[in-house]
Each structure stands twice: as structure tokens, then as C-alpha cells.
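K.L.:
One structure coming up, written as C-alpha cells, with questions to follow.
The values are calculated or read from the model by the stated rules, or taken from the named source; none is laboratory data. This is a predicted model, so every value here is computed, not measured. Every residue, glycine among them, receives a Cβ derived from its backbone with ideal geometry; neighbour counts consider all protein chains shown. The protein model used for the area step is the full one, side chains on, heavy atoms only, and it has no ligands, DNA or RNA in it. Shrake-Rupley method; radii C 1.70, N 1.55, O 1.52, S 1.80 Å.
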Amino acid sequence: TTLTLSEKALSGVKDVLTSIKEIAVSNATGTADAVSRANSALVVSNLYAELVSMGNMEFDGRYIFSGFKTDTPAFSTTGVYQGDANRQEVRIGASSSITTGVNGGEVFKGTAGGTDIFQAVADLITALKSDDGAGIEASISSLDASFNQVSGAVADIGGKVKRLQAAEETLTTANYEVR
């Protein structure tokens, strides 16, 4: 369930990042003026809040992207990671286990050498507010990297779900054979 919810939340993050990138691309052109960019900054600010909300998804009273700090929201309203670097695991065999949690620091903040998604969006907001066409243009590559980072996490979750399904099938078969 945790992996499924994580996958849904991150798919939503991908959708929001796509919307933000579309706004960046439309405002990077010479036809956008200061007023339209300021209005776009308001829209992107709301989308930023949506990203924080998705990063703070809960299941059964626990925050799913906070590592072992499940009683703490993963992110502050400004995008500061409040969780830890740990990952939830479950044993699926006598000598194997699988990670069932997704570390929010890695996916959203790029702590494993990736992109800080919140910073990328904040930089775009700043560029939009200051009518900085070059800054808006520069943000597009960071948004692409952010999207790819989240896509990688979604793919990883898909692989874990398949592995769990295979383990369940093996355990079910073994249970029937023991009887």
C-alpha cells in the first residue's frame, strides 16, 4: 500500500512539474511581459504548495516520505526536508528484504546527488517575479532534471511492486505445497 501511494503521489508530482514547465516555456518567449510573468509566478507558487502537499502525503497517520520519522511531515512549507535518510523495509524471505518506503530527501531534494525540485521551482518563481527571461529559460533544464528524477523513482517503485508480487506468489505456492 505504501509503495502504491508513493507511486500515485509521485505521478501527481510529475503532472505538477509538467504544468510548471509549460508555464516556464510559455514565459521564456519574448512575447511574455512583466504582468503575465507576475501572474504566472502566482500560479507557480500555488503549484509549489501542491508539491509540498504531495511530499507530505500520509497513510494511516504516517508520513510516507519521511523515512523513520513517520510522525513528522517530510517537508516544511518552504520545502525544507524534515525526515531522515532511513527507508522502511519488509522481509520477503528468509534472507531477503525489500525497501517499501521512498526517501523524500532523495526524490524531492536530490540528496543523493540529484536536483532539488523545490529550489528549481523557487528559482523559476523568482525569475518570473523579476521578469528575468534568461532566468526563466535556465529553469527549464532544472525542471527537466526534476521530472526525470521523479520518473526514476516511479520506475523504481514499479520494480519493487513487481518483486513483491513475485514474492507473494512464491510464498502462496510454498504455503499450498506445505499443506
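K.L.:
Can you list the helices (runs of 4 or more DSSP H) lying wholly within segment 103-179 that have 2 or more residues being in contact with a Phe, Trp or Tyr (Cβ under 7 Å, 6 or more places away or on another chain) and either open to solvent by less than 50 Å² (accessible area, probe 1.4 Å) or under 22 Å from GLY79 (Cβ atoms) (or both)?
P.N.:
In segment 103-179, 104-109, 117-129 are the helices (runs of 4 or more DSSP H) which contain 2 or more residues that are in contact with a Phe, Trp or Tyr (Cβ under 7 Å, 6 or more places away or on another chain) and either open to solvent by less than 50 Å² (accessible area, probe 1.4 Å) or under 22 Å from GLY79 (Cβ atoms) (or both).
K.L.:
Looking at (1) open to solvent by less than 20 Å² (accessible area, probe 1.4 Å); (2) assigned to a loop (DSSP other than H, G, I, E, B), which is the only condition GLY93 fails?
P.N.:
If we test GLY93 against (1) open to solvent by less than 20 Å² (accessible area, probe 1.4 Å); (2) assigned to a loop (DSSP other than H, G, I, E, B), just (1) comes out false.
K.L.:
May I pose another question? Kindly provide the set of residues from segment 79-90 that are open to solvent by 20 Å² or more (accessible area, probe 1.4 Å) and either in contact (Cβ under 8 Å) with a residue 40 or more places away in the chain or over 24 Å from LEU47 (Cα atoms) (or both), ordered by number. Steps first, answer last, please.
P.N.:
Here is the first cut: in segment 79-90, the ones open to solvent by 20 Å² or more (accessible area, probe 1.4 Å) are 80-82, 84-90.
Scanning segment 79-90 gives ASP84, ALA85, ASN86, ARG87, GLN88, GLU89, VAL90.
K.L.:
Hey, another quick one. Pairs, please: C-beta under 7 Å, at least 6 apart or cross-chain, first residue of a type outside the set (Phe, Trp, Tyr) and in segment 23-50, second assigned to a loop (DSSP other than H, G, I, E, B)?
P.N.:
SER26/ALA32; ALA34/ASP131; ARG37/ASP131
K.L.:
Identify all residues within segment 95-144 that are farther than 20 Å from VAL16 by Cβ and charged (D, E, K, R); write none if there are none.
P.N.:
ASP131, ASP132, GLU137
Every residue, every condition in (1) in a loop (DSSP other than H, G, I, E, B); (2) over 27 Å from ILE157 (Cβ atoms), yes or no:
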| site | (1), (2) |
| --- | --- |
| LEU3 | no, no |
| SER6 | no, no |
| GLY12 | no, no |
| LEU17 | no, no |
| VAL25 | no, yes |
| THR31 | yes, yes |
| VAL44 | no, no |
| PHE65 | yes, no |
| ALA85 | yes, no |
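K.L.:
When segment 33-42 is examined, which residues are found to be in a helix (DSSP H, G or I) and farther than 19 Å from GLN119 by Cα? So that I can check it myself, show each step before the final result.
P.N.:
Let us first name the residues in segment 33-42 that are in a helix (DSSP H, G or I), namely 34-42.
Correct list: ALA34, VAL35, SER36, ASN39.
K.L.:
Does ILE98 count as surrounded by 13 or more Cβ atoms within 10 Å (Cβ to Cβ), in contact (Cβ under 8 Å) with a residue 60 or more places away in the chain and touching a Leu at 6+ places or on another chain (Cβ under 7 Å)? Steps first, please.
P.N.:
Values: surrounded by 13 or more Cβ atoms within 10 Å (Cβ to Cβ): yes; in contact (Cβ under 8 Å) with a residue 60 or more places away in the chain: yes; touching a Leu at 6+ places or on another chain (Cβ under 7 Å): yes.
Judged against the criteria, ILE98 is a match.
K.L.:
Could you list, in sequence order, all residues of segment 46-63 that are open to solvent by less than 60 Å² (accessible area, probe 1.4 Å), part of a helix (DSSP H, G or I) and out of contact with any Phe, Trp or Tyr (no Cβ under 8 Å at 6 or more places or on another chain)?
P.N.:
LEU47, ALA49, MET54
K.L.:
State all residues of segment 67-83 that are hydroxyl-bearing (Ser, Thr, Tyr) and either at pLDDT below 95 or part of a loop (DSSP other than H, G, I, E, B) (or both); if no residue qualifies, say none. Show your work before the answer.
P.N.:
Of segment 67-83, the ones hydroxyl-bearing (Ser, Thr, Tyr) are 70, 72, 76-78, 81.
Matches in segment 67-83: THR70, THR72, SER76, THR77, THR78.
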